[in-house]
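First up is the structure itself, then whatever we jot down about it.
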Amino acid sequence: MHGHDLQWCISSKEWSRRDALTLGGVGLATLSLRSVACHAALGGPLDPELSIGEALVEMIDGELVYAWAFGDPRRGPSVPGPVLEAFAGQELQVTVTNTLSTPHAFAVLGTPIATKPIAPGATETLTFRAPPAGTYLYVDPLSAPVNRLMGLHGAMVVLPEERAGTPYSAPTPAVARLFGDLGTTEHFPGEPWQSDRSRVWLFGSVDLRLPDSISRGATFDMNEFLPGYFTINGLSGAFASHDPETIPKGRLGEPHLVRILNAGMAAHSPHFHANHVYVLARNNVVQENVVLVDSFTVGPTERVDVLLPFMRPPDVAGDPQTPLRDLVKHELGMRLGTPQRPLAYPMHCHMEMSQTAAGGNYPQGLVTHWEITGDLDGVDFPESELESQSTGGDRHDHSSH
Amino acid sequence: MTIPVISRMPMPTEESAAFFKHVCPPTFAGDNPDPVEPTVRIARDLVVDFALALPEGDSVPMWIIEDPEDARLGRQFPSKLIRLREGDVVHAKVGAKKNTHTIHWHGIEPTPMNDGVGKHSFEVGASFVYQFCARQAGTYFYHCHKNTPLHFEMGLYGLLIVDPPEGQGVVTRLAPEQGHREHYDVEAFWVPDEIDRRWHELGHEAFMQKCDEADPVRRDDFSHGGILNDFRPDVFLVTGVPAARRDPKIVDPRVAVSAHAGQTILLRVLNAGYTVQRFTLDLDAEVIAMDGRPLGVPPYGVYSSPFTLPARTPFQLTSAMRWELLLKPTVPGTYPAQVEYFHWVTGKRLATVRTQIKVL
């Protein structure tokens, strides 16, 4: 059945060739490639191939960093690697080719799925059945955590084998009740969860000194590891905050699932503004006690699934029965640099060092947005005439202080 | 040899203004755009300088958020607690005395202009009246959200407690037969934080990107050489009380708890730092709420349940997480408690600070 095929979820818009970059006199063909989550049947190859190879990854400030990357052999590398999607129990055959000069491997953390070390130039084929539905991190497990931190990591999303109202093969009673209540109870007006309202957020981080040592053949003391760049799906700051594949966007009452994976070394503390989120699963353990929190821990290699309910932000002052478009119509009509419509809020890690790039440049680190585009009754916030510009005085130039 | 380059995405031209606002928010001042008659008015100014005295005799420069009415009464760190009742409509007049700032009411969920995040609204110029309705009793906090790694570390935060309508002394918790309320006798606040003194010599705008409206992500506009990714604390504190380096035990009554046997203690815990904090108490504790959401309480809490942490069972919080615990000691004695601070990347234990719960 076609819908049950493992899908390569690489958005075509990322495939444009860019102008060649010239670096140190060496002309480099610039292939912009980034893997993203997808939830439509793209009809990719049945038995995916992954290559392991080199790449230079550009950080948000332009710094080019040597990396090892998974990729599609025809399309080139990406960090993180392509999102692999499968259905629980589905038989898969993954072919991995190592183009590097050192041994590498492929493994899905938390499962027995792993290749043997793959010699330079060799190819290994791994046949396995997809594990229970959930969010998995695939990595090169060798020299852990070095090869993972060099860029060899990606997300594998496993969907329930049967059409289910939850993202899991065997939801706990609490998770089943929560998903059953969405769109059917007074406290969750709106719609049930739809599986295409899902996002994958893979957290990564880069310490320039590690790839620098590796590329020179030197050793690096992992006790010294201190990342200077922080990414979601390979993007930082403003880029991650305006990436349509990353940001959840919808009207009130359109709950979204967010699958968070931490491929880095830091303990992160993601914080959602404007809605608390339900913690559904942690490292593929579907939770018995589904807590509603605004900040939570995602440690190194951990995976945490949360439900962003897209509730009306509860603490907006005024009558909760009045549609937001009427209650806060002046704010929705304002322009403060940009229009205040739709209602946009951040999700960022509260271990605030992760909000930096190159030691500063706040907030160009691990941050993204989510956006509320309309009310519960299906009406989008109106395209009214925008009120005048801010009145507060001068634009602030950081360089002048 | 050609190595493929994974380039930074090009900035979509239609997003240029949004990319600019991301790093250089506009300033704004004045009234709330959609005002509702308030039941409570509060005021806060920032920033105010504060010297935090250390047990060793030296001090660390801090920044605090101040209630302007308290300017003569003595300054405090953490910034003065805000205490509200469920249902309060709050007007909070925030003045930026130096530079521009914001206040984010962490866990409170209003519109973006009232949420205090510059890149989604503005930074406060002279002053602005934030507005929100505190609809759910619980433990929250407030902090500046500009150049946040630095401004939060410098001390620009305070607790924000929303009591149930009955007021202080009652907490919302799963208890259907009592209308989901429980009385408590003693309330305590454990708010561990850490200080990297190198950061406390920096300026408000340290290591920020240059504002460049024409190209907001111009590579040359990024700062270099910053240290805001490199947190090396050497002062460890709880609720504003620094622990002595030689004997890191805090008996200050702002932290150490004292109660009578048979009394109920409500302990509100917030990680206001940048380490992974692990708490261990020598008493059984019941976890009744997280992040201002009571466990088990309908309608939104019914997918969860309160749970008991047996004595000496550690629990771990990362930055901004809040737990509410109920303790009901019956046997007099002095029960030790501790918080261990672990580096966020290396996982190394940086310090262990001890305190106590004294049961009379």
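What follows is calculated from the coordinates using simple rules that are stated; it is not laboratory data. Computed from a predicted model, the values in this text were never measured in an experiment. Counting neighbours? That spans all protein chains shown, and the Cβs are built from the backbone with ideal geometry, glycine included.
List, in order, the whole-Hz ³J(HN,Hα) value for each residue of the stretch A:183-193 obtained from phi through the Karplus relation with A = 6.51, B = -1.76, C = 1.60 and θ = phi - 60°; use x for Gly and Pro.
With the stated coefficients, the stretch A:183-193 comes to x, 10, 10, 4, 7, 10, x, x, 10, x, 5 Hz.
Quick one: Cα centre-to-centre distance for the stretch B:333-349 and the stretch A:357-382, in angstrom?
34 Å
Cysteines of chain B lacking any other cysteine beta carbon under 4.7 Å?
For chain B, the answer is B:133, B:144, because their Cβ atoms have no other cysteine Cβ under 4.7 Å.
With +1 on each Lys and Arg Cβ and -1 on each Asp and Glu Cβ, how big is the dipole of chain B about its Cα centre, in debye rounded to the nearest 20?
Roughly 780 debye, rounded to the nearest 20.
Report the convex hull volume per residue for the stretch B:13-166, counting only C-alpha atoms, in Å³.
In the stretch B:13-166, the Cα hull volume divided by residue count equals 130 Å³.
Could you pull out every residue, at least 5 positions away or on a different chain, whose amide H is within less than 5 Å of the one on residue A:361? Hs are placed 1.01 Å off N in the peptide plane, and Pro or chain starts have none.
B:208, B:209, B:223
Which one of B:299, B:251, B:279 is farthest out on the positive end of the charge dipole of the stretch B:235-359, using unit charges on Cβ (Lys, Arg +1; Asp, Glu -1) and the Cα centre as origin?
The listed residue farthest towards the positive side: B:251.
Under the rule of -39500 (n - 2.57) per DSSP H run of 4 or more residues, summed and divided by the residues of the protein assembly as shown, what mean residue ellipticity at 222 nm is obtained, to the nearest 500 deg cm²/dmol?
Theoretical 222 nm ellipticity from helices: -1500 deg cm²/dmol.
Taking the square root of 5 times each eigenvalue of the Cα gyration tensor, what semi-axes in Å does the equivalent ellipsoid of the protein assembly as shown have, largest first?
Here the semi-axes work out to 40, 29, 28 Å.
Can you tell me the dipole magnitude for the protein assembly as shown around its Cα centre, using point charges on the Cβ only (Lys, Arg +1; Asp, Glu -1), in Debye to the nearest 20?
Roughly 1300 debye for the protein assembly as shown.
Whose amide H sits under 5 Å from the amide H of residue A:188, counting only residues 5 or more places off or on another chain, with H placed in the peptide plane?
The answer is A:183.
Where the centroid of each part is defined by its Cα atoms, how far is the stretch A:185-245 from the stretch B:1-73 in Å?
Measuring centre to centre over Cα atoms gives 24 Å.
What whole-number distance in Å separates the alpha-carbon centres of the stretch B:81-132 and the stretch A:302-329?
If we compute the Cα centre of each part, the gap is 17 Å.
Looking at B:170, B:195, B:180, which one has the Cα that reaches farthest to the positive end of the dipole of the stretch B:155-198 (charges on Cβ: Lys, Arg +1; Asp, Glu -1)?
B:195
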